[in-house]
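Heads up, the thing below is written out as C-alpha cells.
No lab work stands behind these numbers, since they all come straight from the coordinates. None of these values were measured; they are calculated from a predicted model. Heads up, the Cβs are rebuilt from the backbone with ideal geometry, glycines too, and the neighbour counts pull from every protein chain shown.
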Ligand SMILES: C[S@@+](CC[C@H](N)C(=O)[O-])C[C@H]1O[C@@H](n2cnc3c(N)ncnc32)[C@H](O)[C@@H]1O
C-alpha cells in the first residue's frame, strides 16, 4: 500500500513531509524517512524506560522531540498522571500535525501533566527559567549524529551534554535513542563526565533489527 502525502512544510533545513496509510503516519525530512508508525516499538520502549530510570516516583521528564508521539505516549501511560512531561519540538509544523492528524490514534487523551514547547531543545535547556529535569530523553535525530539539522551536532558535543547535565536534578539522567551503536559518542560522553550504559532494543516484529538506548549518568562528586 502506498503512502499518501498529507502535508509538507518548508523549514530552515529543507522540507518536512507528513504521509499516512490509514491510521499510520510517516515523517520525512528532505526525502529521508525520520520516523514511521509501523516501526515504533523501540520509541515506545524508550518512553517506558524514561519512567523506569527515574529515581523519584513523580519525575519531571523532558522529551525532545515529539515526532509521531510514541515516546511521549508511552511515558504518559507509564506515569499514569504522576509527575510532569515537557516536550521540546523543533518544528511548530510537527506539533500542528500531531494535534490535527496523529494524536487521535497515538495519544487520544491529552494528559493534564503535559506541556509541548516549540523550538530547539538545546536552546530550551539553556533558558534560566527551565528545569531541572529528573530525566531528559533525546530522540531528535537517528542517534547522536546530526540528521534533522546540522546544528544538532552541538547537542551531542561535550559542551552540549554538559548543558543537559546542568539541568538535571541531583540524581537525574539523560536517555538517548539511537538507530546505531555509537562508540565514539560513548568515549566523548565519558570524557565529558558521564557513566554510559547501553541497552539493545529489539523490534518486536524484526528481532534482527536492533536500536539502542544510551543512559548517561553524570559522575557526581560524593562528599
Ligand atoms: C525521530 S523523531 C522523534 C520520534 C519520537 N520519539 C516518536 O516516538 O515518534 C525526531 C523529532 O525531533 C525533532 N527535532 C529535531 N531536532 C530537534 C531539536 N534540536 N530540538 C527539538 N526537536 C528536534 C524533529 O522535528 C522530530 O519531530
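With N denoting the number of residues in the chain, provide Rg(C-alpha) divided by 2.2 N^0.38 Å, to two decimal places.
Rounded to two decimals, the normalised Rg is 0.97.
Which residue fluctuates most in the GNM of the chain (Cα springs below 10 Å): 70, 156, 19?
19
Using Cα centres only, tell me the gap between the range 53-101 and the range 1-28 in whole Å.
21
Pop a pseudo-label 7 angstrom from the Cα along the beta-carbon direction at both residue 21 and residue 220 and give the gap in nm to one decimal.
In this crude spin-label approximation the distance works out to 4.6 nm.
Percent antiparallel among DSSP beta bridges with both residues in the range 39-218, to the nearest 5?
Just about 40 percent of them are antiparallel.
Full extension from residue 4 to residue 77: what is 0.36 nm times the residue separation minus their Cα-Cα distance, to one decimal in nm?
Roughly 23.3 nm would be gained on extension.
With a/c under 1.5 counting as rounded, go ahead and sort the range 22-77 into rounded, prolate or oblate using the C-alpha gyration tensor (a ≥ b ≥ c being the square roots of the eigenvalues; past the cut-off, prolate if a/b is larger than b/c, else oblate).
The shape class here is prolate.
With r defined as the distance between the Cβ atoms of residue 197 and residue 30 and R0 fixed at 41 Å, what FRET efficiency is calculated, to the nearest 0.05?
0.80
Say a paramagnetic label sat at a point 7 Å from the Cα of residue 171, along Cα to Cβ; which residues of the range 30-71 have their backbone N under 16 Å from it?
Under cut-off, by backbone N: 50-61.
Please compute, for the alpha-carbon atoms of the range 108-223, the extent along each of the three principal axes and give them in descending order in Å.
Rounded to whole Å, the extents work out to 43, 41, 31 Å.
Measure off 7 Å from each Cα along the Cα-to-Cβ vector at residue 163 and residue 210, then give the distance between these two points in nanometres to one decimal.
3.2
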